[in-house]
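The structure appears right after this line, and notes come after that.
Rule-based calculations on the coordinates, nothing more; no lab input. Not measured: the values here are computed from a predicted model. Glycine also receives a Cβ, built like all others from the backbone with ideal geometry; neighbour counts cover every protein chain displayed.
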Amino acid sequence: DTGVSQDPRHKITKRGQNVTFRCDPISEHNRLYWYRQTLGQGPEFLTYFQNEAQLEKSRLLSDRFSAERPKGSFSTLEIQRTEQGDSAMYLCASSRSGRGEQYFGPGTRLTVT
Amino acid sequence: SQQGEEDPQALSIQEGENATMNCSYKTSINNLQWYRQNSGRGLVHLILIRSNEREKHSGRLRVTLDTSKKSSSLLITASRAADTASYFCATDAAGETSGSRLTFGEGTQLTVNP
């Protein structure tokens, strides 16, 4: 069990650029989640997948955000035309169906300048 | 928006003392979970309590759940400096399949002084 990994760990980008983050879940976990966390706050849910199907998206996920999990394994989160308000920690988590606990990766810290 | 509120926002204690954190939430739940986050890092799952349970223990952790008051508490006994972290409660809302979105509180920052 190697845990959930995320890449990159840090990303600095200029406003208006596109960025893509990757998440590799624990191998036997079929559910994968994306959250966003700003300083001093708890994580906020963005979206989740069961296998390759995206089952739920938060209203926080504007049309500039898109997530994929093409083969039901790793996932990518893309933000187009980044804005300064997108600066946050983006957390990925995975779990098994029917199990409540989620296992989080170390996060990708995005800074938009 | 955050469902839960945690109290206190910050707590500072001496090593060996007990720490109690409280969480309130707004909707019916399947379960409530507590997570720990060290500075700037990912979250670690600590304990899960189901809506039909009232108390649960894991090592030095004790969690209680009062669904009539929509509240939970986390007790850490005999605290250590390594317990210094932010602690979050998270709820899995009833009416949705267990294991779907979690709604987190704003967290309690615990500092344990050596």
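Structure notes:
- Largest-first ellipsoid semi-axes for the protein assembly as shown, taking √(5λ) over the Cα gyration tensor eigenvalues, angstrom: 29, 20, 16
- Exposure proxy ranking, count of Cβ atoms within 10 Å, fewest first, for A:Asp24, A:Asp63, B:Asp7, B:Asp66: A:Asp63, B:Asp66, B:Asp7, A:Asp24
- Selection from A:Gln17, A:Ser62, A:Thr2 lying farthest towards where the dipole of chain A points positive, charges on Cβ: A:Gln17
- As a calculated quantity, the FRET efficiency between B:Arg50 and A:His10 at R0 = 35 Å, using C-beta atoms, amounts to about 0.40.
- Dipole magnitude for the range A:1-103: computed about the Cα centre from +1 point charges on Lys and Arg Cβ and -1 point charges on Asp and Glu Cβ, it is near 240 debye.
- Taken residue by residue and averaged, Cβ atoms of other chains lying within 10 Å of the Cβ of A:35-47 number 5.
- Overall, the protein assembly as shown carries a charge dipole of about 320 debye about its Cα centre when +1 sits on the Cβ of Lys and Arg and -1 on the Cβ of Asp and Glu, all other atoms neutral.
- Value of Rg to Rh for chain B, rounded to two decimals, is 0.96; Kirkwood radius and Rg both from alpha-carbon coordinates.
- For the range A:67-113, the orientation-averaged shadow of the C-alpha convex hull comes to 4.2 nm² (one quarter of the hull surface).
- Rounded to the nearest 20, the size of the Cβ-charge dipole of chain B about its Cα centre is 240 debye, with Lys and Arg at +1 and Asp and Glu at -1.
- In a DSSP loop and with at most 13 other Cβ atoms within 10 Å, the trypsin sites (Lys or Arg not before Pro) in the range A:43-113 are A:Arg59, A:Arg64, A:Lys71, A:Arg81, A:Arg99.
- For chain A, relative contact order (Cα pairs under 8 Å, six or more residues apart, normalised by length) works out to 37 percent.
- Of the residues B:Ser39, B:Thr20, B:Ser51, the one whose Cα sits farthest towards the positive end of the charge dipole of the range B:2-104 is B:Ser51 (charges of +1 on Lys and Arg Cβ, -1 on Asp and Glu Cβ, taken about the Cα centre).
- Chain B - percent relative contact order, Cα under 8 Å, separation 6 or more: 38
- Residues A:Cys92, A:Cys23, sorted so that the one with the fewest Cβ neighbours within 10 Å comes first: A:Cys23, A:Cys92
- Pairwise FRET efficiency - A:Arg96 versus B:Thr20, Cβ, R0 = 25 Å, nearest 0.05: 0.20
- Annotation: peptides B:39-46, B:9-16, ranked by per-residue average of other Cβ atoms within 10 Å with the highest first, follow the order B:39-46, B:9-16.
- For chain B, built as a Gaussian network whose Cα springs stay under 10 Å, the top-fluctuating residue of B:Ala19, B:Ala78, B:Ala93: B:Ala78
- Packing-based exposure ordering (other Cβ within 10 Å, fewest first) of A:Glu44, A:Glu78: A:Glu78, A:Glu44
- For chain A: rounded, prolate or oblate by the Cα gyration tensor [a/c cutoff 1.5]: prolate
- Estimated from the Cβ-Cβ distance and a Förster radius of 41 angstrom, the FRET efficiency linking B:Gln9 and A:Lys71 is about 0.45.
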